[in-house]
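Peer 1: Structure below; questions to follow.
Quick note: the coordinates plus some simple rules give every number you see, no bench work behind them. All values derive from a computational prediction rather than experimental measurement. FYI the Cβ positions are ideal-geometry reconstructions off the backbone, even for glycines, and counts take in every protein chain you see.
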Amino acid sequence: MPRRYAGRMGPHDGRFAPSPSGPLHLGNLRTALVAWLRARSAGGRFLLRVEDLDRGRSRREHEERQLQDLAALGIDWDDGIVRQSDRDAAYAAGIDVLRARDLVYPCWCTRAEIREAAGAPHGDAPEGAYPGTCAHLDAAARAAHEERGRPAALRVRAGAVRSVARDAVRGELSAVVDDFVVRRGDGTHAYNLAVVVDDAWQGVREVVRGDDLASSAPRQAWLATVLGHEAPTYLHVPLVLGPDGRRLAKRDGAVTLEDRLALGEDADDVRSRLAASLGLCEPDERPTPAELVARFDVATLRDAGPVRWDPVAGPLG
Ligand code: GLU
């Protein structure tokens, strides 16, 4: 597996890793701004990775629009863009490392079967954890599954180990790791594998992303270690909620940069509103990106919690 990224690496390198399945909304843009400010304020490189593993949902036009929106807000990035669709060989090499340690097994379970077998959370296992149905099948049982012809996913054997990830906002994220999927039945490498392989390869030491992915951190930190890397630390950015308290989404109205521009705002207005929601400026200020880099302080995020955003009135605080 390629272990070294072609670019230079530094201890404060960060990244933003959007999935090109639609336009970025204000919540995604705010997370991107935090990731950029965090890396740049520490003098690190900032990398962009397009997470287009899901070929069915990824579109080049979404990718182009996402990159344009980031650039319009003053977010710049170093080196070339890494696309997960180009990295299959690296993910396959990661699976080879696991296989050599007898840490993967085929799994034929459907989602419905897992739900049924898992039932209520039990012992230390988190809700929805894989109950281990295919973990110890003998050769005859495997052969019977193979004969039926349904393609198998591959799961990593985590053995219900407890893993603790460190987060700059939330402190310790601790969870029992279940046997999660590293390659889907259709041959697509799974998000949890790809992200770990890529972050290690790109030299990302702190993963900044939305709070909705915090529950993946213990799994990913564990997998990084198993693959022979030092686990990164994390910074999960509190989410932006719509006026109804649910996660901000299209149903909330003008939530993309394009929507805001159509309302007569410009990119500086939008960046300022995002910065104001991070406690980095007053609502009527228009700081430059460089001024925001100088002002950035992660402590304000720790105090903030989720932000409510009314697309008409702006952040509610
Ligand atoms: N591609 C994921 C998303 O857009 C983010 C993955 C990550 O940052 O680890 O939600």
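Peer 1: When averaged across all projection directions, what area in nm² does the alpha-carbon convex hull of region 145-224 cover?
Peer 2: Over all viewing directions, region 145-224 projects a mean Cα-hull area of 6.1 nm².
Peer 1: While we're here: Rounded to the nearest Å, what's the spacing between the alpha carbon centres of region 128-176 and region 238-305? Just the number, please.
Peer 2: 38 Å
Peer 1: Output the relative contact order of region 179-240, whole-number percent, from Cα pairs under 8 angstrom with separation of 6+ residues.
Peer 2: Contact order relative to length: 34 percent.
Peer 1: Whose amide H sits under 5 Å from the amide H of ARG83, counting only residues 5 or more places off or on another chain, with H placed in the peptide plane?
Peer 2: Sorted by chain and number, the residues that satisfy this are VAL50.
Peer 1: Relative contact order for the chain: what is it in percent, counting Cα pairs under 8 Å that are at least 6 residues apart?
Peer 2: This gives 20 percent for the chain.
Peer 1: For region 139-146, what does the Karplus curve 6.51 cos²θ - 1.76 cosθ + 1.60, with θ = phi - 60°, yield as ³J(HN,Hα) per residue in whole Hz, taken in order and with x for Gly and Pro?
Peer 2: Those phi angles translate into 4, 5, 5, 5, 4, 4, 4, 4 Hz.
Peer 1: Same structure again: Add +1 for every Lys or Arg and -1 for every Asp or Glu among the other residues with Cβ under 13 Å from the Cβ of VAL181, and state the total.
Peer 2: Counting the neighbours of VAL181, the net charge comes to +3.
Peer 1: Using a basic spin-label model with each label point 7 Å from the Cα along Cα→Cβ, how many nm lie between HIS12 and ALA144?
Peer 2: 5.9 nm
Peer 1: If you build a Gaussian network model of the chain, linking Cα atoms that sit under 10 Å apart, which residue out of PRO218, PRO131, PRO20 swings the most?
Peer 2: Among PRO218, PRO131, PRO20, the largest GNM mean-square fluctuation belongs to PRO131.
Peer 1: Arranged by the count of other C-beta atoms within 10 angstrom, fewest first, what order do SER58, SER174 take?
Peer 2: Least crowded to most crowded, the residues run SER174, SER58.
Peer 1: May I ask you to evaluate 6.51 cos²θ - 1.76 cosθ + 1.60, the Karplus curve with θ = phi - 60°, for each residue of region 42-58 and list the ³J(HN,Hα) values in order in whole Hz, giving x for glycine and proline?
Peer 2: My calculation for region 42-58 gives 9, x, x, 6, 10, 10, 10, 10, 8, 8, 10, 5, 7, 5, x, 9, 8 Hz in order.
Peer 1: Ok, one more. Could you rank the peptides 182-191, 41-50 by their average count of other C-beta atoms within 10 Å per residue, with the highest value first? Present the calculation step by step, with values, prior to reporting the outcome.
Peer 2: Values: 182-191: 17.5, 41-50: 19.9.
Per-residue Cβ counts within 10 Å, averaged per peptide and sorted highest first, yield 41-50, 182-191.
Peer 1: Give the long-range amide H neighbours of TYR130: residues separated by 5 or more places, or on another chain, with amide H under 5 Å away, using H modelled in the peptide plane at 1.01 Å from N.
Peer 2: Here ASP179 satisfy the definition.
Peer 1: Cut-off 10 angstrom, C-alpha nodes, Gaussian network model of the chain. Which of LEU37, LEU137, LEU53 fluctuates the most?
Peer 2: Comparing LEU37, LEU137, LEU53 in the GNM, the peak value goes to LEU137.
Peer 1: Using Stokes-Einstein with the Kirkwood hydrodynamic radius over Cα pairs, what translational diffusion coefficient do you get for region 28-142 at 4 °C and a viscosity of 1.567 mPa s, in µm²/s rounded to a whole number?
Peer 2: 71 µm²/s
Peer 1: Excluding ASP211 itself, calculate the net charge of residues whose Cβ lies under 13 Å from the Cβ of ASP211, where each Lys or Arg counts +1 and each Asp or Glu counts -1.
Peer 2: +3
Peer 1: Turning to a different aspect of this structure: When only C-alpha pairs under 8 Å and at least 6 residues apart count, what is the relative contact order of region 21-160, in percent?
Peer 2: It comes to 23 percent, rounded to a whole number.
Peer 1: May I pose another question? Could the peptides 21-29, 296-304, 138-146 be put in order, highest first, of the mean number of other beta-carbon atoms found within 10 Å of their residues?
Peer 2: Put in order of decreasing packing, that is 21-29, 296-304, 138-146.
Peer 1: Compare TYR105, TYR91, TYR234 in a GNM of the chain, Cα atoms joined below 10 Å, and give the one with the largest fluctuation.
Peer 2: Maximum fluctuation in the GNM of the chain, among the listed residues, is at TYR105.
Peer 1: Extension gain LEU137-ASP96, at 0.36 nm per residue separation less the Cα-Cα distance, in nm?
Peer 2: Value of the extension gain: 12.7 nm.
Peer 1: Something else now. So between ALA249 and GLU265, what do we pick up on full extension, going 0.36 nm a residue minus the alpha carbon distance? List each step's numbers first, then the result.
Peer 2: Numbers: separation 16, 0.36 × 16 = 5.76 nm, distance 1.94 nm.
In short, 3.8 nm is gained.
Peer 1: Which whole-percent values make up P(r) of the chain when all C-alpha to C-alpha distances are grouped in 10 Å steps starting at zero?
Peer 2: Result, from short to long distances: 6, 25, 32, 23, 11, 3, 0 percent.
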